[in-house]
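Participant: Pasting in a structure now, in structure tokens, and then I'll have a few things to ask.
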Amino acid sequence: MLDSPRLRIAVRRDPLIVEDLRSTTVPDDPVQRRDLILLENARAGDLGAFNDLVVSYQDQLFALVVRMVPDRDQASDCVQEAFFSAYRNLAGFRGGSVKSWLHRIAINAAMDIQRARKRRPVQPYPELDDESWQPPAGTDADPVTTALTTERHRAINQALAAITDDQRAAIVLFDVEGFDYAEIAEMTGVSLGTVKSRIHRGRLALRDRLADRMDLFRG
Amino acid sequence: MSQESDVRSTSHDRHDRMLIAALAAGDLTGSERERAIALTRSCAECATLHDDLLALARATAAAPPPIAIRPRDFTLTPADAARLRPAGWRRLVGAVSSWRSVASRPLGVGLATLGLVGLLVGNISLSFGSAASAPAVTTGAAGAAGAAPASSTERSRMAGDSVGGTYKDVTTGGPPATQYPAPVAQPAASGYENLGAAIASGAPTGIHTVPPPQTAPGDNAATPPAAAGDVSSTRDAVTDGLFRPLNLLFGAAIVLGIGIIAVSRLGRRPPI
């Protein structure tokens, strides 16, 4: 009876689903699949796997955090603390995108730093006055164009540093990091409408702060 | 009226900048989108604002971070890992709050509710019980106070006091207390209440011959020491009731439930 072909077919048609849902969330994305494998290995105690994740995302996270906390040391501490927290909370990862998870942790860390900085105000963003670093220019770049680009970047970064933390986080996540509204809402813990509102108001605030330098951006 | 609307449509200060920002972000549909597009077409400043917002979005996306060079490597050392590895209560929190233990929150809520309901039901029934015993205690105490006077005259006066003028009738040998009916609910009711009621109903009183309330053996409510003991014993019963094992169990369930809820919430909080 148990060996009957009908039963076997029935069993084959309705297999018991025991696969971990987390590993099937984004199976087609190779980066995501790699991240999930690394994360599972890190959960199992493989520090090397976790450090592979760190190597994969540390530049992205630093670029994100430094836009929100434009102080080299604070941003650096923030990213380090974000990775510490991610390691501490490996068991708390509940599926989805590892990248989003790490970004969320980094954003929370950056928000905490910003709140702490508001409680103990220091010189705001001294790094923005540091002109030692210039963006890399192409070999055939026109010096005028390069200077204009540099000025434009400095202006937009200064304006970004001047708007509110929430607006800056939303704009950076949307315009720079390329997350969509839903992802930003999930990361920052606010509603979709609030995310949209923050982005719209933030852009208007940027424009108000750059009103006398908008020629840099037009044309 | 038409002049007013014309003025309004050409005054940029009164235009909805958020609407233009939403249009630039591509978030508008339907009539709002048409309204925003109409604004950009009819108002040059709105059109400039729209273009500026698009340009700023592009510039923001293209802008490099203010500090492009990562100052250090953020990989974890084995010492960091050993320090950060959850241990002790953190491990417990992780175990309780991990995504696997989806039952932790309902379990906590259930335990807390059970404990709360158990405590409430237990103590309500207890307070009903003590409320039922409380008048007996009061009567006993008052009866004990009434039993204290030694002389029969005094006792008679007390009887008169307690029955509202019946005493005079009794001592003068007049008719029983039809003129001075005894109050039905007299405060400080003593053991002579029944006597007053008997007088009020016209029954032969024989009050001088009525002995003071006898203390029946085992009648705790009639004698002062026994009455005081009853109060304290009732109080003790209440106190004991609060700490009886069942209440302790319910209390423990509440604490445990709240603890589980707190731990699961703590674990679900986004890291940092």
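The values are calculated or read from the model by the stated rules, or taken from the named source; none is laboratory data. Computed from a predicted structure; not experimentally measured. When we count neighbours, we look across all protein chains shown, and the Cβ atoms used for this are built from the backbone with ideal geometry, even at glycine.
Participant: When you check B:L28 against the structure, is it among the aliphatic types (A, V, I, L, M), more than 8 Å from chain A (Cβ to nearest Cβ) and within 54 Å of the chain's Cα centre (by Cα), yes or no?
Facilitator: yes
Participant: Shifting gears a bit: Looking at B:A47, B:A21, B:A55 in this structure, which one is assigned to a helix (DSSP H, G or I), at pLDDT 90 or above and buried (at least 21 other Cβ atoms within 10 Å of the Cβ)?
Facilitator: Answer to the check: B:A21.
Participant: Can I ask one more? I need a count of the residues in the stretch A:48-59 that are more than 8 Å from every other protein chain (Cβ to nearest Cβ) and touching a residue at least 24 places away in the same chain (Cβ under 8 Å).
Facilitator: Residues that pass the stated criteria total 2.
Participant: Looking at this structure, is A:L210 buried (at least 20 other Cβ atoms within 10 Å of the Cβ) and in contact with a Leu (Cβ under 6 Å, 6 or more places away or on another chain)?
Facilitator: Spelling it out, it is not the case that A:L210 is buried (at least 20 other Cβ atoms within 10 Å of the Cβ) and in contact with a Leu (Cβ under 6 Å, 6 or more places away or on another chain).
Participant: Among the residues of the stretch A:177-186, how many are within 9 Å of chain B (Cβ to nearest Cβ) and buried (at least 17 other Cβ atoms within 10 Å of the Cβ)?
Facilitator: So the answer is 1.
Participant: Of the residues that make up the stretch A:31-51, is at least one at pLDDT 90 or above, acidic (D, E), closer than 30 Å to A:I156 by Cβ and in a helix (DSSP H, G or I)?
Facilitator: no
Participant: So which of B:T77, B:T40 is more than 28 Å from A:V65 (Cα to Cα) and more than 7 Å from chain A (Cβ to nearest Cβ)?
Facilitator: Unique residue meeting the criteria: B:T40.
Participant: Among (1) at pLDDT 90 or above; (2) more than 10 Å from every other protein chain (Cβ to nearest Cβ), where does A:D215 come up short?
Facilitator: (1)
Participant: Would you pick out the residues in the stretch A:190-211 that are more than 7 Å from chain B (Cβ to nearest Cβ) and over 16 Å from B:A59 (Cα atoms)?
Facilitator: Within the stretch A:190-211, A:V190, A:S191, A:L192, A:G193, A:T194, A:V195, A:S197, A:R198, A:R201 qualify.
Participant: May I pose another question? Among all residue pairs at least 6 apart or on different chains, which show Cβ distances below 7 Å where the first residue, located in the stretch A:73-100, is closer than 18 Å to A:F179 by Cβ and more than 8 Å from every other protein chain (Cβ to nearest Cβ) and the second is assigned to a helix (DSSP H, G or I) and of a type in the set (S, T, Y)?
Facilitator: What qualifies is A:K99/A:Y57.
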